[in-house]
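Below is one structure, written out as structure tokens; the observations come after it.
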Ligand SMILES: [Fe+2]
């Protein structure tokens, strides 16, 4: 009997508690991890929406002290990471709790990296560069998008070189993720769109990644369906509990997938874009996704056809030459439906920026798992198509 050899694959995930009220377990888990004084990392929007209140109450009820570091900007910067490190040390903290979207969670991870490894945060760019484990980290995501609460990724902005640095390591998987879809109740439709599109692209890029596997495929396809079926409804009525819950579930599953497969050219190019113009990450992905899928299709047509089926298309009924077009049209329709149909030129990019963007994108670690190899010229052409 012949057997097919499987390439080695691993799957890493934190302990995850999901469902209504899980955010109120922060105190119990902090105490279980041995924390006596935690640094709370968050941002002004989350504070204003009131999501810190119950987290702080749960810490108080367990006798765990805390100090707030809640000024994190969207697209967290290297300087903010080092400010957080100073605060952690001054306040004698022994664990970190991040409450918010990708920005506070990535900043929290950055703080942990520097605390444990004592080098500038930007020196850890790339894959598996972190030697020592970070302090205990508990995450409470308040958007259905980044999935930094389950991922091996942290994205930090280098404001000197105007680019986003991807740091990827098993050391960045939080200890506990408390996934509570109640926290998305206060999101605006435009934030739901950006975060949901980010998660949707996570699902697509994970499913066609060179490093996909049995386990990641299950999560990636489930995420694509959940987000496709619920994003417009959640935007239309942010109080639609069922839609928000399924969006959060989809984001979680997309996160479990991409954390273990890495991403692809959409993210590599979106990171370069975000580094230059500091726009929302989900918006940057949306500007590029249809162009990159059209380029990548020929490298994995069966996989893209399976994605198309999850979008309600019937590629088997189409001539092979029409299948890519149908998928790309569906993605363009989604961009329209979520109000993110803009072009790069609408975001202040000029044609002369494209060569620099392409160079940055090509050196992003996410490019390594894209299903089709790209030259510098390929990347430039994709930016030009999105221009
Ligand atoms: Fe992303």
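Laboratory data are not the source of any read-out in this text; all were calculated from the coordinates shown. The structure presented is a predicted model; accordingly, all values stated were derived computationally and were not measured. Heads up, the Cβs are rebuilt from the backbone with ideal geometry, glycines too, and the neighbour counts pull from every protein chain shown.
Our note on the geometry: Cα centres of region 111-184 and region 312-387, 26 Å apart. Neighbour counts of C-beta atoms inside 10 Å place 24, 107 in the sequence 24, 107, starting with the fewest.
Summarising the strand pairing of the chain, around 20 percent of its internal DSSP beta bridges are antiparallel. Its residues counted as N, region 179-220 yields a C-alpha radius of gyration over 2.2 N^0.38 Å of 1.45. Entry note, the chain: the mean residue ellipticity at 222 nm calculated from DSSP H runs of n ≥ 4, each adding -39500 (n - 2.57), is -16000 deg cm²/dmol after division by the residues and rounding to the nearest 500. Full extension of the chain between residue 341 and residue 48 yields a length gain of 102.5 nm, computed as 0.36 nm times the residue separation minus the alpha carbon distance. Where both partners of a DSSP beta bridge lie in region 17-122, what percent of those bridges are antiparallel, to the nearest 5? Just about 0 percent of them are antiparallel.
Here the calculated FRET efficiency for residue 160 and residue 10, from their Cβ-Cβ distance with R0 = 30 Å, stands at 0.30, rounded to the nearest 0.05. For region 135-150, the residues whose amide N sits under 18 Å from a probe point set 7 Å from the Cα of residue 116 along the beta carbon direction are 135-140, 148-150.
So what's region 236-329 giving for Rg/Rh, alpha carbon basis, Kirkwood Rh from the mean inverse pair distance? Looking at region 236-329, the ratio lands at 1.01. Peptide packing for 64-72, 257-265, 336-344 was compared via the average number of neighbouring C-beta atoms within 10 Å per residue; ordered from the highest value, the list is 257-265, 64-72, 336-344.
Rg over Rh for region 265-383 works out to 0.98, using Cα positions for both radii and the Kirkwood form for Rh. Share of pairwise Cα-Cα distances greater than 20 Å in region 147-208 is 46 percent (whole percent). Within region 99-204, antiparallel bridges make up roughly 50 percent of the DSSP beta bridges whose residues both belong there.
According to the Kirkwood relation over distinct C-alpha pairs, the hydrodynamic radius of the chain is 20.8 Å. Scattering from region 149-267 was approximated by placing one identical point on each alpha carbon and applying the Debye formula without solvent; log10 I(q)/I(0) at 0.12, 0.17 1/Å stands at -0.44, -0.86. Result for the chain in a Gaussian network model with C-alpha springs under 10 Å: among 237, 175, 249, the largest mean-square fluctuation is at 237. Mean projected area of the Cα convex hull of region 65-138, taken over all directions, amounts to 4.7 nm².
In this entry, region 1-110 is assigned a mean projected area of 10.1 nm², taken as a quarter of its C-alpha convex hull surface.
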